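Some notes on the structure that comes next.
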Amino acid sequence: MEILEFLFADEQMFTTITLILLIALLVGNIVVDKLKKYEDIDANGVVTLMDGSNLILLDVRDKKERRAGYIAGDIHIPLASVKDKLSLLDKRKKVLVYCRSGSRSAHIAGLLTRNEFEHVYNLKGGFQAWKKAKLPIKT
């Protein structure tokens, strides 16, 4: 009981509310991570995925970003166009989505899973991570 009295004392209310919010954010992140239906994969994991011919590499960066390089054999569909071009992608294949840093591609990976794509991967760290791992790029 003393801990409750301490937590809900007027002078501790701000600290208590902050603690509750931090716990809620932590639990929320854990739940969201468990509910996502795609897998974040690092650059070396992508190389393993590429061993099979059953993989679509999807670059969702804009044209200007793509001039800096891209992964050989990919399909380029800018982020704004992906939703309209889903029918161009084979739902039976594995799809690896990448962007510059991994944020926009995570959004598109979620879109793909919501549209019945079953094997979807997001390049963790995006094209920057690919370059940092010194993996081959095309220009």
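For Asp51 and Leu26, what does the FRET efficiency come to when R0 = 25 Å and r is the distance between their Cβ atoms, rounded to the nearest 0.05? After rounding to 0.05, the efficiency reads 0.10. Between the amide H of Val95 and those of Ile56, His119, Val120, Tyr121, distances stay under 5 Å, these residues lying 5 or more places away or on another chain, with hydrogens modeled in the peptide plane.
Spacing of the modelled spin labels on Lys63 and Asp42, each 7 Å from Cα toward Cβ, amounts to 3.6 nm. Across the stretch 38-132, the mean sequence separation of Cα contacts (distance under 8 Å, 6 or more residues apart), normalised by length, yields a relative contact order of 36 percent. Taking a ≥ b ≥ c as the square roots of the eigenvalues of the alpha carbon gyration tensor, the chain is prolate, as a/c is not under 1.5 and a/b beats b/c. In a DSSP loop and with at most 11 other Cβ atoms within 10 Å, the trypsin sites (Lys or Arg not before Pro) in the stretch 64-139 are Arg67, Arg92, Lys134. Angle of helix 103-114 to the longest C-alpha principal axis of the chain, folded into 0 to 90 degrees and rounded to 10: 80°. By the rule of a C-alpha distance below 23 Å, with chain neighbours fewer than 8 residues away ignored, the lysines paired with Lys83 are Lys36, Lys37, Lys63, Lys64, Lys91, Lys93, Lys94, Lys124. Within the stretch 60-139, the GluC sites (Glu not before Pro) that combine a DSSP coil assignment with at most 13 other C-beta atoms in a 10 angstrom radius are Glu116, Glu118.
Only the Cβ atoms of Lys and Arg (+1) and of Asp and Glu (-1) were treated as charged; on that basis the dipole of the chain about its Cα centre amounts to roughly 1240 debye. Taking Leu57, Leu123, Leu26 as the candidate residues, the one with maximal mean-square fluctuation in a Gaussian network model of the chain, Cα springs under 10 Å, is Leu26.
Mean-square fluctuations from a GNM of the chain, with a 10 angstrom spring cutoff on Cα atoms, peak among Ala106, Ala68, Ala43 at Ala68. By how many degrees, between 0 and 90 and to the nearest 10, does the Cα long axis of helix 13-35 differ from the longest principal axis of the chain? With both axes taken from Cα atoms, the answer is about 30 degrees.
In sequence order, the stretch 45-62 has phi-based couplings of x, 5, 4, 5, 4, 5, 4, x, 8, 9, 10, 9, 9, 10, 8, 9, 6, 7 Hz under the Karplus curve 6.51 cos²θ - 1.76 cosθ + 1.60, θ = phi - 60°, and Gly or Pro positions carry x.
No lab work stands behind these numbers, since they all come straight from the coordinates. Computed from a prediction, not measured in an experiment: that's the story for all the values here. Quick reminder, even Gly has a Cβ in these numbers, built from the backbone with ideal geometry, and neighbours come from all protein chains shown.
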